[in-house]
1. Of the residues that sit in the stretch 306-332 and are modelled with pLDDT of 95 or more and closer than 30 Å to ALA371 by Cα, which one is most open to solvent (accessible area, probe 1.4 Å)?
2. Across the stretch 117-164, what is the total count of residues that are under 39 Å from the mean Cα position of the chain (by Cα) and either of a type in the set (Val, Ile, Thr) or at positive phi (or both)?
3. Test each condition in (1) closer than 25 Å to ARG378 by Cα; (2) surrounded by fewer than 19 Cβ atoms within 10 Å (Cβ to Cβ); (3) of a type in the set (A, V, I, L, M); (4) over 26 Å from the mean Cα position of the chain (by Cα) for ALA28 and report the one that comes out false.
4. Checking ALA363 against (1) open to solvent by 20 Å² or more (accessible area, probe 1.4 Å); (2) of a type outside the set (S, T, N, Q); (3) closer than 21 Å to ALA427 by Cα; (4) in contact with a Cys (Cβ under 7 Å, 6 or more places away or on another chain): exactly one of these is not met. Which one?
5. All but one of (1) open to solvent by less than 10 Å² (accessible area, probe 1.4 Å); (2) more than 24 Å from GLY183 (Cβ to Cβ); (3) among the aliphatic types (A, V, I, L, M) hold for VAL273, so report the exception by its number.
6. Go through the stretch 577-610 and report how many residues are hydroxyl-bearing (Ser, Thr, Tyr) and part of a strand (DSSP E or B).
7. May I ask you to list the residues in the stretch 247-268 that are in contact with a Phe, Trp or Tyr (Cβ under 9 Å, 6 or more places away or on another chain), more than 16 Å from PRO382 (Cα to Cα) and hydrophobic (A, V, I, L, M, F, W, C)?
8. Identify, please: which residue in the stretch 200-220 is in contact (Cβ under 8 Å) with a residue 40 or more places away in the chain and under 21 Å from GLU464 (Cα atoms) and is, among those, surrounded by the fewest Cβ atoms within 10 Å (Cβ to Cβ)?
Amino acid sequence: MPDDETRRSIATVCLSGTLEDKLHAAAAAGFDGVELFESDLVASADSPETVRERCRDLGLSIDLYQPFRDFEAVPPDLLEANLRRAERKFDVMERLGADTVLVCSSVSPDAVDDDDLAAEQLHALASRAADRGVRIAYEALAWGRFVNTYDHSWRIVRRADHPSLGLCLDSFHILSRGSDPAGIRVIPGEKLFFLQLADAPRLDMDVLQWSRHHRLFPGQGAFDLTRFLDLVLTAGYEGPLSLEVFNDVFRQADPRQAAVDALRSLVTLQESVARKGSARARERARIDDLPPSPEPAGFAFAEIGVDERSEPEVAQALHGLGFTRTAEHRSKPVRMWEQAGIRVLLNAAEGSATGETAVTALAVENADPAASARRSERLLAPILPREHRADEADLASVAAPDGTAMFFCRSDSREGWLADFAPVASASPGTGLYAIDHVGLTQPFDHFDGAALFYRSVLGLHPEAPAEIAAPFGLIRSLSISDSQRRVRIALNVAVLRRGDWSPGVRDPQHVAFATDDIVATAARARERGLDLLPVPANYHDDLDARLDLPADLMADLREHSLFYDRDDRGEYLHCYTPVLGSRVFFEAVQRIGGYDGYGVANTPVRMAAHRRRRAG
């Protein structure tokens, strides 16, 4: 966990399991405290005293107890009942050792639209709370009946004028309504009692359902949380940075991994504010021992795990694409294939161990691999044990959420990891491929958001616009992430929903895409070398011709060389594929023309159907 003075908290509602499971997961990830949801306490067999002791033993504080609903702006008889509820709540908080309670703006049909009455009743509640050593953090729910914006809740708190009454600011409630958070800067810091952070995708739906099912950890959605947190810290907020995320996937996932993702997201957000925020916010958000992510120079290699059956097939495809087997590892069953600046490693040990063909490792080049390793460790990325001889390079590697190993290395010297390979041949001229353009990794459903967060935070990559693809076997969600210079691109894909046994012929496919400046020449040379490219149906080319009216010579090349085509207002994209090799890996050759920055996702359904036909045949 990063070494700094900022306290970080997480709501128990973010995590799956019993209260004990959640507390242990939060502590193991490195959180300092929790927001304790009443429903988690009610479902627990432990007394409040036992929960308090467990939190103390785990190094956790109970920073907030919540929620207390439908209190303010009600008739006198309901007010008395609500005050009685509050006193019982204060009793529980005393036993828990918690001193702040969240009061949500009312959604009750009994509430009235009267700010003076709301302020008067909240003042009465705060007076009783003060007698018990408790603070009231008043939050405007985005769907509150009358109070549903932070500026409205601030007017009521200011009117109530009690030192034990302040605000809870929730990024979802504010940003989901499109409210401008700039006004937060004028709220006195001492009246900001609590802060809850959540991201979310942009969705056009009922805000309550949006909130209850689709919140995300910071950096996984579309909200500008860097600006939001900057404004809150600039206003003088001194409390913990806390996460409150309702998400159906997270609530079913292993709470230990979800807690790690949560802390990683919070630290990455804090780092962003420390770089971009106001002077006051930068000082508050500073993390002294988190190295910045070195700018990636490209992929040093892609490793594919193979077994004795799949290695000849993959090797034949690489040969067809113009690669040469140039070296073998001195102590491991790993063979290096090269073309121009591209290196592909075939690892027979990894494939034999898993029984499948898969992208098992990626290596990223940068100027300071040691800094990347330290950053990964600070962001809780699992360090992978690696056996090596005393005279071999000790490459740092960490595990991505789906198990892919990520290496950090420099390839500018034969004294580094390249020296571990014994040359066996010189590279041939090849087919015109010169770099790894991108790597496509299909993720297990539960790991998709966590994987995007991992590559964003650990490698310093930036998310591009997400896409949804109506594929032959259901909806596919795709998110590509890359560095600013587009030297490292990773395309993450996931099947949104899959049920039953009917499924594609290839589960969770992965691919490595290679760049060329002349796809027609590359495809022609590859076929001369015996490569069998994936056939493209004539219907696709007929439709392409009808829609885009491309030049006749281009259409002839597309048909002859089994090429796909896409374009946008910045450029064009031509690409072709190999069949699936082994259990789930294939290769792609791509040519980008002009400023085209996408991945030809519109062609994905046709490619998937072609792979299915080839597999079934």
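1. GLU328
2. Selection size over the stretch 117-164: 6.
3. (4)
4. The failed condition is (1).
5. Of everything listed in (1) open to solvent by less than 10 Å² (accessible area, probe 1.4 Å); (2) more than 24 Å from GLY183 (Cβ to Cβ); (3) among the aliphatic types (A, V, I, L, M), VAL273 misses just condition (2).
6. 1
7. VAL249, PHE250, LEU266
8. Among residues in the stretch 200-220 that are in contact (Cβ under 8 Å) with a residue 40 or more places away in the chain and under 21 Å from GLU464 (Cα atoms), the one surrounded by the fewest Cβ atoms within 10 Å (Cβ to Cβ) is PRO201.
The values are calculated or read from the model by the stated rules, or taken from the named source; none is laboratory data. Just so we're clear, the structure is a prediction, and the values are computed from it rather than from any experiment. For neighbour counting, all protein chains shown are included, and Cβ atoms are generated from backbone atoms with ideal geometry for every residue, glycine included. Ligands, DNA and RNA are excluded from the accessible area calculation, which covers all protein heavy atoms including side chains. Shrake-Rupley method; radii C 1.70, N 1.55, O 1.52, S 1.80 Å.
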